[in-house]
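Contents: one structure, followed by commentary.
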Amino acid sequence: MPTMPYLHFRGDCANALAFYAEVFGGANLQMMRYADGPDAPPAWSGSDRIMHGQVTIGDGTLMASDFPPGAPGEAQAAVSVMQSAPDVATAGRWFTALAKDGAVIQPFGPTFFSSGFGMVKDRFGTHWIIAAGPAS
C-alpha cells in the first residue's frame, strides 16, 4: 500500500489543490465540501470548506482537507511534501511556481545528490522539497 500525504488547510484547500493540479499537471482533481457531507451537522451547513479533496500527481495521490468549520488548526506545521521531477528543467519550473508569493527555504540549484534541489513554503503554507535526478 502506498503512503499518501494528507494536508490540512484553514479554508483555502480548494484553491491550494487547484494550484497544485496546475503546477504539477495533476489529474483527477476531486473535492467534497463539508456542507455536502451525509448527515452534516448544522454548523457545517452552507460551508464551502473542503471535507476531502485529492489530486493525482504523477503516480501518487495528494489528499487534503480544510479543518472543519469552527475548528482551529495549524496548516502543515513541521511537514514537507517531497516531489521528484523527471528532469532539472521541470524541477526548476515547479520550484519557481511554488515560490511565487511563498518563501524560499533552500534556493533551487545543483547539489552533490541532485542535479536540481530546493525547498520552499508556498503561499498556502505547504512546505515542498523539489528534486530532480542525481547529480552527474
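Tilt of helix 13-24 relative to the longest C-alpha principal axis of the chain, in degrees (0 to 90, nearest 10)?
So the inclination is approximately 30 degrees.
Kirkwood hydrodynamic radius (Cα pairs, Å) of the range 40-136?
On the way: mean 1/r = 0.0664 Å⁻¹.
Result for the range 40-136 stands at 15.1 Å.
Have a look at the DSSP beta bridges in the range 80-131 and tell me what percent are antiparallel, nearest 5. Display every interim value, and only then the final one.
Numbers: 9 of 14 bridges.
Rounded to the nearest five, the antiparallel share is 65 percent.
Would you compute, from DSSP H runs of 4+ residues alone, the mean residue ellipticity of the chain at 222 nm, taking -39500 (n - 2.57) per run and dividing by the full residue count, rounded to the nearest 500?
Values: 2 runs with 24 residues, N = 136.
Helix-only estimate at 222 nm: -5500 deg cm²/dmol.
Mind checking the alpha-carbon convex hull of the range 1-56 and giving the volume per residue in Å³? Present the calculation step by step, with values, prior to reporting the outcome.
Values: hull volume 5.7 nm³, N = 56.
Each residue corresponds to 102 Å³ of Cα convex hull volume.
Under a GNM of the chain (C-alpha, springs under 10 Å), which listed residue has the highest mean-square fluctuation: Asp12, Asp59, Asp122?
Among Asp12, Asp59, Asp122, the largest mean-square fluctuation in the Gaussian network model of the chain belongs to Asp59.
Give the residues of the range 46-68 whose amide nitrogen is closer than 17 Å to a point set 7 Å from the Cα of Asn28 in the direction of its Cβ.
The answer is 52-64.
Any chance you could list P(r) for the range 80-131, counting all Cα-Cα pairs in 5 angstrom bins from zero, rounded to whole %?
Calculated P(r), rounded to whole percents: 5, 26, 36, 23, 8, 2.
Which far-off residues, 5 or more places away or on another chain, put their amide H under 5 Å from the one on Ile105, with H placed in the peptide plane?
Amide H neighbours of Ile105, under 5 Å, 5+ apart: Met119, Val120, Lys121.
Determine, for His52, His8, the number of other Cβ atoms within 10 Å of each Cβ, and report the residues in order from fewest to most.
Working: His52 16, His8 19.
Least to most surrounded, the residues fall as His52, His8.
Using alpha-carbon positions, what is the distance between the centroids of the range 96-124 and the range 1-51, in Å?
25 Å
Have a look at Ser65, Ser45, Ser80 and tell me which one the Gaussian network model of the chain (Cα, springs below 10 Å) gives the largest fluctuation.
With Cα springs under 10 Å in the chain, the top fluctuation among Ser65, Ser45, Ser80 is at Ser45.
Over the chain, what relative contact order in percent results from Cα pairs under 8 Å that are six or more residues apart? Could you put the intermediate results ahead of the total?
Details: 296 pairs, mean separation 30.3, N = 136.
So the answer I get is 22 percent.
How many nm separate the modelled label positions at Ala78 and Met1, each set 7 Å beyond the Cα in the direction of the Cβ?
Taking the simple label geometry, Ala78 and Met1 are separated by 2.5 nm.
How large is ³J(HN,Hα), in whole Hz, for each residue of the range 79-96 in order, when computed from phi with the Karplus curve 6.51 cos²θ - 1.76 cosθ + 1.60 and θ = phi - 60°, using x for Gly and Pro?
Working through the residues one at a time gives 10, 10, 9, 8, 10, 8, 10, x, 7, 5, 5, 5, 4, x, 5, 4, 4, 4 Hz.
Each reported figure results from applying straightforward, stated rules to the coordinates on display, with no laboratory input. These numbers were taken from a predicted model, which means no experiment stands behind them. All Cβ positions, glycine included, derive from the backbone under ideal geometry; neighbour counts span all protein chains shown.
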